[in-house]
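These notes concern the structure reproduced below.
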Ligand SMILES: Cc1ncc(COP(=O)(O)O)c(C=O)c1O
C-alpha cells in the first residue's frame with residue numbers, strides 16, 4: 001500500500017516528506033553542530049534559546065511531589081479542576097487588575113498555551129475564512145487556520161510603529177472575510193510591549209469589524225523597570241470581543257510541565273472547552289495543583305524578572321558597544337536587533353539567516369534570525385549561566401568575540 005496517497009493535502013499529500021527545503025531552526029542546529037565540532041575548545045554562547053534557563057521554584061516542585069501520588073488525582077482531568085479556575089481568576093485580578101471574570105464560565109486550563117492557540121482556530125475558522133496575524137510571530141494559530149482551509153493575512157511588525165501592527169492598513173475585503181485577529185504582547189521575537197491605548201484601538205477594531213481577538217500573553221508577566229504587566233482583558237469591552245491566553249511556562253519556569261489558561265469571552269471559552277473536550281483529557285491534576293501553587297506565589301515571577309532585567313542591562317550595553325542599534329526591551333526575554341551590514345573585511349550579509357550563520361561559524365554565537373519584516377537577530381537572555389559572575393563573564397566573552405568580527409552597521 002502507498003500510504004502517501006492517504007496523507008492529507010494539508011501536509012502536502014503525496015509530496016509529504018519530499019521537500020528539500022531546510023527550515024530555519026534546522027539550519028541553525030546544523031550550523032551549531034558544525035561549529036562546535038570544528039572548535040571543540042571554544043564554548044558556544046547560546047543566545048538563541050526560547051525557554052527559561054532554570055527549573056521551576058522548589059515551592060512548585062514540592063506541590064507536585066505531594067500531589068502526584070494521591071489517589072484522588074489519578075483521574076482524567078477533562079476540562080480541568082475548579083480550584084485551578086479559581087486560582088487563575090484570583091491571579092488575573094492580583095497581577096493584571098482584571099476583576100470581571102467568572103472562574104467557571106470565563107476561564108479554562110490548557111496543556112500549555114501552544115495547544116490552546118491550536119484549538120482556538122477550530123472554534124472559529126471555516127474553509128475560506130481569514131486569520132489576521134503578525135509577522136514576525138508565533139506561527140501556531142496561522143498554521144492551524146491553513147490546516148482548516150482558511151487563509152492567513154500577515155501584518156508586519158515594524159520598528160517605525162514600535163512593532164505594533166497597523167490595523168487601519170488591512171484591506172476591506174480581507175476584513176470582511178476575517179474571523180480572528182492574533183496578537184502577542186510582550187512580543188516574541190521583537191520584545192515590544194503594547195499599551196492600553198493600543199488595546200483600546202484593538203477592541204474598537206474588533207467591534208467594528210466583527211473579528212474575534214486572541215491575545216497571546218505568554219510573556220505578559222515578564223516585564224522590567226517601570227512597565228507594569230498589562231492584560232488585554234483590562235480594557236473596557238475586551239470581554240465582549242476576545243480571549244487572552246496565559247502560560248505558566250515562562251512566568252514560572254514551567255515550560256515542560258504544560259500548563260496554561262485561556263480567559264475571556266464566555267462563548268469563546270465554551271467553544272474552546274467543547275473542542276478541547278474532544279481533543280485531550282486535561283492536564284494531570286497534580287500538575288494543575290502545582291500550577292495553583294505557582295499562581296498563588298507571584299513573587300516567583302518577580303525574582304525571574306529581576307534576573308532577566310539584570311542580564312538585559314549587561315547584554316544591551318555589550319551589543320551597543322559593538323555597534324548594534326539596540327534598546328532594553330520592556331518585556332519578554334528577547335531583544336531584537338537589525339543585522340549588521342557585514343564586516344570590515346568586505347563580507348556582506350544579504351539577510352538575517354546569513355548574519356546568524358556567520359556569527360555561529362566565526363564566533364560560536366548562536367542567535368535566531370528573522371527575515372519576515374526586515375532583517376533582525378533575536379538575542380535571548382535565557383542563556384545558561386548559574387550565577388551573576390558567570391552571567392557577566394558570558395556577556396564579556398560575547399562582547400569580545402563580536403568585536404573580533406569587525407562588524408559594519
Ligand atoms: C509567543 C508564544 N506563544 C506561545 C508559546 C507557547 O508556550 P507554551 O509553553 O505555553 O505552550 C510560546 C513559546 O515559545 C511563545 O513564544
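The values are calculated or read from the model by the stated rules, or taken from the named source; none is laboratory data. For clarity, every value in this text was computed on a predicted model and none was experimentally measured. A quick note on method: Cβ atoms are made from the backbone with ideal geometry, for glycine too, and the neighbour counts reach across all protein chains shown.
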Handout entry: Only one of 218, 194 that is part of a loop (DSSP other than H, G, I, E, B), in contact with a helix residue (DSSP H, G or I) (Cβ under 9 Å, 6 or more places away or on another chain) and without any contact (Cβ under 8 Å) to a residue 60 or more places away in the chain
Key = 194
Practice task
Please work out if residue 130 is away from the ligand (no atom under 16 Å from the Cβ), modelled with pLDDT of 95 or more and crowded, with 22+ Cβ neighbours inside 10 Å.
Solution key: yes
Handout entry: Meets criteria (more than 15 Å from the ligand (Cβ to nearest atom) and closer than 22 Å to residue 191 by Cβ) for residue 96
Key = yes
Handout entry: Filter result (in contact with a helix residue (DSSP H, G or I) (Cβ under 6 Å, 6 or more places away or on another chain) and either at pLDDT below 95 or not in a helix (DSSP H, G or I) (or both)) within the stretch 53-86
Key = 57, 77, 79, 81
Handout entry: Filtered residue count, the stretch 22-51, keeping only those that are assigned to a loop (DSSP other than H, G, I, E, B) and in contact with a helix residue (DSSP H, G or I) (Cβ under 7 Å, 6 or more places away or on another chain)
Key = 3
Completion exercise
Exactly one of 121, 115 is assigned to a helix (DSSP H, G or I), buried (at least 16 other Cβ atoms within 10 Å of the Cβ) and out of contact with any helix residue (DSSP H, G or I) (no Cβ under 7 Å at 6 or more places or on another chain), and that one is 115
Handout entry: Scope the stretch 99-112; condition within 16 Å of the ligand (Cβ to nearest atom) and in a loop (DSSP other than H, G, I, E, B); matching residues
Key = 111, 112
Practice task
Would you mention how many residues in the stretch 335-362 are in contact with a helix residue (DSSP H, G or I) (Cβ under 6 Å, 6 or more places away or on another chain) and in contact (Cβ under 8 Å) with a residue 60 or more places away in the chain?
Solution key: 3
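Residue-wise test of (1) within 16 Å of the ligand (Cβ to nearest atom); (2) under 22 Å from the mean Cα position of the chain (by Cα).
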| position | (1), (2) |
| --- | --- |
| 153 | no, yes |
| 158 | no, yes |
| 174 | no, no |
| 188 | yes, yes |
| 203 | no, yes |
| 209 | no, no |
| 223 | yes, yes |
| 235 | no, yes |
Problem - Residue match in the stretch 138-149 (condition: within 16 Å of the ligand (Cβ to nearest atom), touching a residue at least 24 places away in the same chain (Cβ under 8 Å), under 16 Å from the mean Cα position of the chain (by Cα) and buried (at least 24 other Cβ atoms within 10 Å of the Cβ)) - result: yes
Practice task
Take the residues in the stretch 363-392 that are in a loop (DSSP other than H, G, I, E, B) and without any contact (Cβ under 8 Å) to a residue 40 or more places away in the chain, then tell me which one is surrounded by the most Cβ atoms within 10 Å (Cβ to Cβ).
Solution key: 375
Exercise for the section: Read through the list (1) farther than 19 Å from residue 164 by Cα; (2) within 22 Å of the chain's Cα centre (by Cα); (3) buried (at least 21 other Cβ atoms within 10 Å of the Cβ), then give the number of the only condition that residue 215 fails. Expected result: (1)
Exercise for the section: Being under 22 Å from the mean Cα position of the chain (by Cα), in a helix (DSSP H, G or I) and modelled with pLDDT of 95 or more narrows it down to one of 328, 306, 289, 320, so name that one. Expected result: 306
Problem - Pair list, Cβ under 8 Å, 6 or more apart: the stretch 110-127 residue under 16 Å from residue 188 (Cβ atoms), other residue within 8 Å of the ligand (Cβ to nearest atom) and assigned to a helix (DSSP H, G or I) - result: 112/249; 113/249; 114/140; 117/140
